[in-house]
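Engineer: A single structure is presented below for examination.
The values are calculated or read from the model by the stated rules, or taken from the named source; none is laboratory data. Treat the numbers as computed from the prediction; the structure is a model and nothing was measured. Here the Cβ positions follow ideal geometry from the backbone for every residue, glycine too, while neighbour counts run over all protein chains shown. The accessibility values were calculated without ligands, DNA or RNA, using every heavy atom of the protein model including side chains. Shrake-Rupley method; radii C 1.70, N 1.55, O 1.52, S 1.80 Å.
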Amino acid sequence: MTSKWTSRLIIGLTLTFLIGPFFIIIFAGMSAGDFMTFPPDGLSLKWYMKVFTVESFRESFALSLFLAIFGTIAALILGVPAAYAISRYNIPYAETIKTVVAAPIIVPGIIVGLALLRYLVVPLSFTVTLALFMAHTALVLPYAVRVVSSSLNNLRSDMEEAAVLLGCSRIGAFMRVVLPNIQSGVLAAFILGFVTSFNQVPVSLFLSGPGVRTLPIDMLSYMEITYDPSVAALSALLALLSVAIVFLAEKFLGFSRYV
Amino acid sequence: MSNAFVSLQKLSLAYGQTVVVPELNLDIREGELIALLGPSGCGKTTTMRAIAGLMTPQSGKIHIGGVDMTHTPANKRGIGLVFQSYALFPHLTAFENVAFGLRLKKMPVSEIKSRVEEGLNTVGLSHLADRKPAEMSGGQQQRLSLARSLVMEPKVLLLDEPLSNLDARLRLDMRTELQRLQRATGITMIFVTHDQAEALALADRIVLMKDGVIEQVGTPDELYNNPASKFAADFFGFENIFAIKGSNIIGSNGSLTANFDAENGHLAWRPSAISVGSGPFQGTVMGVSFAGEQREYVIKTDFGQIKAANPAADPVYEIGTLVAFDLPSKSAWHLPNVGNDS
């Protein structure tokens, strides 16, 4: 009996700490007052409305969206062939390559950001947007390789040989047989990459310059100046967006199989 | 052989440093149904993959239809292969699977349609044209895979263990089906199997392989009745094989003196040739098993173990019983000493 109540307590506390902050943010954004407080000072949706009128939020949202979409697409263009090569060919140092590819998630983002700033942006005068794009591509790449690898491993290679014997070239077999059968894995990798890139803070922190900021960085700097509930409202909206994406992905793709 | 349709000349196959087939020569006539038979690791599948163009030989030549195809890429050889796993395309329906190769040939849509329908009809799957492979049974997938290769009108059709994934009843149906298709289309077929019964039942000629070397080539009758080596004899059911030295036969535990007609090489008996109950020799029953028509015995003797069989209707000898048996000279198959016998 006691152990049953203990386990309930542990589950309850875990859920409180996992989901609790989410509710606090939702309600803090609903405040009718001018400061972020919890419990809120009365209820209103005015801060949720205000979010859409802040110019810098709109610009940084557009940049974050751009980075998340095109950074992930670039990562997939690099990652799908890499995953294919690793899973199909007995290439030397396959394990090493997998580890190196995973480096951007293992190395602290702060270091990646600093390195990119110090060695790309400053000496080579790369634009901040380009550096951000490269950084986000690199950060998403490991997820792309891993998720696509796992769906490739479930696909038997004799299918490609069958396609070749029916007249396909090797590339043709990949396009006509492999790609259609791993498309849900590719889509899952895209969603994971999108969310990862969109929520990225440490690397972007170093690479954000005047006028070029991703949304999370913009929210940080907004809060340093103005402590009104609009940041809470925006956070709640972003959290809901992420949850919605993952929920839909789970429903239609069985997302959790891939991650 | 000048009329060879598929000709493998001094073919040498290796994976990296591992030589699987050192040097293989084989001629196959047009329209033949050939079995590549042997235990796993004997190089039969590798040989088949080389014919298909899925692996490049280290040396040697592959001629198909009189053309040197040694270096022709797999997608230009015009050879069909039915994979052991069927290798169907899971995202396509049965119809689209069969149409796959025809579409690549840029054939007119109407002709593709009629040929796919004909192909599905040949294997009795017309009613399942819209199903995906996952919605079909193993036997249906097998036939779909066959249809997908057949509509391409291949010069040679290769089949990798075509019956191994089917249950016993389907296996018999598929055997008949394959023979029928082969007679109807006249396509040269080469199938790989490890099952001697399958090879005997289906093939016009059997190529028995061991360790990458052809042990014997012949008709099912020849291999079954006149195996040329100890390995071949063992593979085709001569489960009692003993070396002969003078008037002794040598078992694993000792020798037995008897007057056999041969003086060297080996003598081999099928279990059915040795009956239990009477005869000049004695042994203890170690195992009895019922096998339908026959009752099979494992008997321990002073010189080694033997396997014998009586008609099932005969009295049963229980385990532990001392029984008499005979090794009849007239039903022994004599294998003269040949180089590769151990």
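Engineer: Of all residues in segment B:18-31, count the ones that are open to solvent by 10 Å² or more (accessible area, probe 1.4 Å), more than 13 Å from B:GLN58 (Cβ to Cβ) and either assigned to a loop (DSSP other than H, G, I, E, B) or of a type in the set (A, V, I, L, M, F, W, C) (or both). Show your work before the answer.
Structural biologist: Step one: of segment B:18-31, the residues open to solvent by 10 Å² or more (accessible area, probe 1.4 Å) are B:18-20, B:22-23, B:25-27, B:29-31.
From what's left, more than 13 Å from B:GLN58 (Cβ to Cβ): B:25-27, B:29-31.
Next, only the ones that are either assigned to a loop (DSSP other than H, G, I, E, B) or of a type in the set (A, V, I, L, M, F, W, C) (or both) stay: B:26, B:30-31.
Here the count works out to 3.
Engineer: How many residues does segment B:116-127 contain that are surrounded by fewer than 19 Cβ atoms within 10 Å (Cβ to Cβ) and either of a type in the set (A, V, I, L, M) or within 14 Å of B:MET174 (Cβ to Cβ) (or both)?
Structural biologist: Qualifying residue count for the region: 1.
Engineer: Sticking with this structure for a sec: Considering each of B:ALA99, B:ALA94, B:ALA134 in turn, give the residue that is modelled with pLDDT of 95 or more, out of contact with any Asp or Glu (no Cβ under 9 Å at 6 or more places or on another chain) and either open to solvent by less than 50 Å² (accessible area, probe 1.4 Å) or in the same structural domain as B:MET152 (by TED's automatic domain parsing) (or both).
Structural biologist: Result: B:ALA99 is the single residue among B:ALA99, B:ALA94, B:ALA134 that is modelled with pLDDT of 95 or more, out of contact with any Asp or Glu (no Cβ under 9 Å at 6 or more places or on another chain) and either open to solvent by less than 50 Å² (accessible area, probe 1.4 Å) or in the same structural domain as B:MET152 (by TED's automatic domain parsing) (or both).
Engineer: Quick one: in segment B:58-77, which of the residues that are more than 23 Å from the chain's Cα centre (by Cα) and crowded, with 17+ Cβ neighbours inside 10 Å is farthest from the other protein chains (Cβ to nearest Cβ)?
Structural biologist: Per the criteria, the residue is B:GLY60.
Engineer: What's the total number of residues in segment B:229-249 that are closer than 29 Å to B:LEU37 by Cα and open to solvent by 50 Å² or more (accessible area, probe 1.4 Å)?
Structural biologist: 3
Engineer: Within the group B:ASP173, B:ASP160, B:ASP167, which residue is within 20 Å of the chain's Cα centre (by Cα), at negative phi, within 12 Å of another protein chain (Cβ to nearest Cβ) and charged (D, E, K, R)? Steps first, answer last, please.
Structural biologist: Working: B:ASP173 fails: within 12 Å of another protein chain (Cβ to nearest Cβ); B:ASP167 fails: within 12 Å of another protein chain (Cβ to nearest Cβ).
None of the others qualify; the one that does is B:ASP160.
Engineer: Follow-up. Going through A:GLN200, A:GLN183 one at a time, which residue ends up being in contact with a His (Cβ under 9 Å, 6 or more places away or on another chain) and free of Cβ contacts under 8 Å to residues at least 60 places away in the same chain?
Structural biologist: A:GLN183
Engineer: Quick one: would you say B:LYS330 is assigned to a strand (DSSP E or B) and charged (D, E, K, R)?
Structural biologist: Considered against the rule, which asks whether it is assigned to a strand (DSSP E or B) and charged (D, E, K, R), B:LYS330 comes out as no.
Engineer: Quick check on segment B:7-17. Is at least one of its residues crowded, with 20+ Cβ neighbours inside 10 Å, within 14 Å of chain A (Cβ to nearest Cβ) and not in a loop (DSSP other than H, G, I, E, B)?
Structural biologist: There is no residue in segment B:7-17 that is crowded, with 20+ Cβ neighbours inside 10 Å, within 14 Å of chain A (Cβ to nearest Cβ) and not in a loop (DSSP other than H, G, I, E, B).
Engineer: Answer yes or no as to whether B:ALA324 is in contact with a helix residue (DSSP H, G or I) (Cβ under 7 Å, 6 or more places away or on another chain) and either at pLDDT 90 or above or loosely packed, with under 13 Cβ neighbours inside 10 Å (or both). Before the answer, list the steps.
Structural biologist: Working: in contact with a helix residue (DSSP H, G or I) (Cβ under 7 Å, 6 or more places away or on another chain): no; either at pLDDT 90 or above or loosely packed, with under 13 Cβ neighbours inside 10 Å (or both): yes.
So B:ALA324 fails the test.
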